[in-house]
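**Student:** Can you read through this structure? Questions will come right after.
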C-alpha cells in the first residue's frame, strides 16, 4: 500500500450534541432547591403552629420591616425581567444589550442582598432568641445564599456570553430559569416569614 | 574474594528508575483523584461505599454481641449511643447510597451511548463532598458527638458532616439525572432507555426529592444548636427525632432502585430474549420511586386500624396504599415482567446462568421483601411502633436491613456484570458465585430474626438519647429476644465476610493481568457492549444510531440471519 492510498486514521467523531444540558441541569437543580426551601418552610409552619397553639405570639418581640421585604419581592421579580431580556438580546446577537441586561441583573441582585442586610439590622433579631432567632436566620440566610449563587451565575453567564459565545444562548436561558425559580422561592419565603409571620 | 562494584552509571540509572516509578505513582494517583472520567468516579464511589458498608456490618456485629447479653460489658455503655448511630448512618448515607449512585455514575453514560457524564466536575465534587462529610460524621461520632452526644462541638461537626454528605450525594444525583435526560445516543427515546439507566434516573430524582429535605433540617439543627437557644428542636436530644426518618424505610428504598434495575437488565440477557412487557417494567420501576414521596412526607407509619364501622380503616388505608402500596406494586410488576421474560426465554433454549444474574436475582428478591415489610409496618394494629417511647420495633430495622443488604447484593452483581467495561477483566463465575449465596444468607439471617423480634416488641429505631439506647440494647424484657438478636448478629458477620471477600476478589481480579477479552462476554443487549473492553476514556469511538431498546441483541439476530441465509445459498 503506497503512502498515498493508505487509510487515514481519523480522530473520533464529535460527540452527539447534548440536548440543552445546562438548561436541564438547572431545572433539575431547581427541583432539588424547591424541596430544600419547601421542607424548611414546612418545618417553620409546624413550629409556628406549636407556638401559636400554646397561646403565644409569633414572633414575640420583633416588628417586621414590611416595606423593605416588599421591595425585595419586587426587586427579585424585576430581576427576572432583565434576565429574560438578556436571553432575548443574546438570541438576536445583540452584545451591547446582553451586557446591559446582565449588568442590571447583577445590580438588582446586589440590591436584594443589601435589602436583606437592612431587614436584618432593622429587625435586630437575636439568633439565640427563645424560638424565633435560629428559624429566622436559617431561612433568610439560605435565601440570601440562593441570591449570592444567582449573582455568581450572572457573572459566569456574562463572561460566557460576552467572551465570543454570544450565539450560544443556552447559558442565558439557564440563568433566566434560575432567577425565575429564585423569585418563586423568595415569594414563598416572603409569604410565610414576612406576611403570615 | 569477589568484589562487587556498582558502576556509577548503574546507580544513576537505578535512581532514575526509582524516580520514574515514584513519579508514575504520583501521576497515577493524581489522575485518579482529579479524573473526570465517570467510570473512575463511579469506581471511587462504589469502592468507598463497600468499605464503609463493611465497617458498618462489623459495627453491627459488635453491637449485636453487646445487645444479645445485657450483662455484658463488651462495649463501654457510654459508647453505645454513638456506635448505634454509626451503624444506622453507615448503612444508609455511608453504605447503600454511594454504592447505588456509584454504579449509576459508572455505567449509565455507557448505557446511554454518551462520551461523558453530564457535569463530570459536579459529579467528582459530589464524591469528595460525600467522602469528606461521611468522614466528619464518623469522626464526630467517635468523639462523643451525634444525636444526644455529650460534646457540643462534636454534635455540630456531626450535623455539618451529615449535611455535606447529603449535599454531595445530591450533586452527583443531579449529574446522573441530567445525563439520562440529555445525553442519550441518537435514536434512543425515553422508551428505549436501558432498564438500569431508567432505574438510575428514578433513583437520582428520588434522591433530589428526599435529600434536600434532610439538608434543610440539618441547617435548622446546626444553626439552632451552634448559635441558637436550642429551644425549637428540643436541644441535642431532639436531633434523633428530626433526622431519624432518613435512615430507615421508606427513605432507603430510593437508593435500592439501581439494584432492581440490575436485576431487570440481567434477566433478558440470561434468557437471551427481549424484555417482555418492557414498558410495564419501566412503569414498575417508576412506581417504586413513589417511596421518595413517602420519605419526603416522612410518613413512616400509616394509621391503618381495623375497626368495626370501617371508617378509620378506610381513612388510613388510602394513604397507606399510595405511599407504601405503590412501591410494593412496582417491585411486584418488575418481578412479574422478569418472570414473563424467563418464560418466553426458556422456550427458546437453555439459559446462560452466570454469577451477575444470581446476584441480581437475589438482590431483587431481598429488596422486594424489604419493600413488602415496609408495607406491613404501616398496619397500626400490628403494634410495630412503641407509642410510649416513640421508637420503632426491630421490624423496622429488619426491613431497612433487607433493603440495604439487598441493594448491596444487586450492586455487587452489577459490578461483576460490567467489570469487562470498567476494568477490562472478567470475574470468574466459580469464584464469585459462592459469594452471592453467602451474601444472601447473611442478609436474610441479619434481617429476618429482627422482623420476628419486632412482633415480640423488641425495640429499635434511631436513638436520640441515652434512655433510648438503653431501651434498644435491652433484650431481657422480651421472651427470646436474645436468640433473635444473636441470629441477626451472625447474619451481620456473614454479610461482613461476604463483603470483605467480594472486595478482595474484585481488587485481585481487577489489578491482575489483563485478559484477551471478548467485547460482549455476557451477551449483553444494550449499547455499551458495542464498545471495547475496557471502555476507553471517551467510551465510544463511534456512536451508532439506536433503533431498538436492545440494539446488541437485534444486531446479533441480524448477523445470525445473514449467516443462515449465506449458508442456505451456498452450493453443497
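The values are calculated or read from the model by the stated rules, or taken from the named source; none is laboratory data. The model shown is predicted, which means the values in this text are computed figures rather than measured ones. All Cβ positions, even for glycine, are placed from backbone atoms using ideal geometry, and neighbour counts span all protein chains on display.
**Student:** Does residue B:260 fit the bill of being assigned to a helix (DSSP H, G or I), surrounded by 18 or more Cβ atoms within 10 Å (Cβ to Cβ) and modelled with pLDDT under 90?
**Tutor:** no
**Student:** Okay, moving on. Kindly indicate the residue of the range B:204-214 that is buried (at least 24 other Cβ atoms within 10 Å of the Cβ) and closer than 21 Å to residue B:242 by Cβ and also farthest from the other protein chains (Cβ to nearest Cβ) among those meeting that condition.
**Tutor:** Step by step, filter the range B:204-214, then rank; the result is B:206.
**Student:** Something else: Restricting the range B:224-242 to residues that are in a helix (DSSP H, G or I) and buried (at least 24 other Cβ atoms within 10 Å of the Cβ), which is farthest from the other protein chains (Cβ to nearest Cβ)?
**Tutor:** Of everything passing the filter in the range B:224-242, B:240 is farthest from the other protein chains (Cβ to nearest Cβ).
**Student:** Of all the helices (runs of 4 or more DSSP H) wholly in the range A:19-134, which have at least 1 residues that are within 14 Å of chain B (Cβ to nearest Cβ), surrounded by 19 or more Cβ atoms within 10 Å (Cβ to Cβ) and under 19 Å from the mean Cα position of the chain (by Cα)?
**Tutor:** A:21-53
**Student:** Being within 13 Å of chain A (Cβ to nearest Cβ), modelled with pLDDT under 95 and assigned to a helix (DSSP H, G or I) is the filter; apply it to the range B:182-203 and report the residue that is farthest from residue B:126 (Cα to Cα).
**Tutor:** So the residue we want is B:190.
**Student:** Find all pairs meeting these conditions: Cβ atoms under 9 angstrom apart; at least six residues apart or on different chains; first residue within the range B:395-423 and without any contact (Cβ under 8 Å) to a residue 24 or more places away in the chain; second residue in a helix (DSSP H, G or I) and surrounded by fewer than 24 Cβ atoms within 10 Å (Cβ to Cβ).
**Tutor:** Final answer for the pair search is none.
**Student:** For residue A:137, state whether it is free of Cβ contacts under 8 Å to residues at least 40 places away in the same chain, in a helix (DSSP H, G or I) and closer than 22 Å to residue B:242 by Cα.
**Tutor:** Details: free of Cβ contacts under 8 Å to residues at least 40 places away in the same chain: yes; in a helix (DSSP H, G or I): yes; closer than 22 Å to residue B:242 by Cα: yes.
Here the answer is yes, as residue A:137 does meet what is asked.
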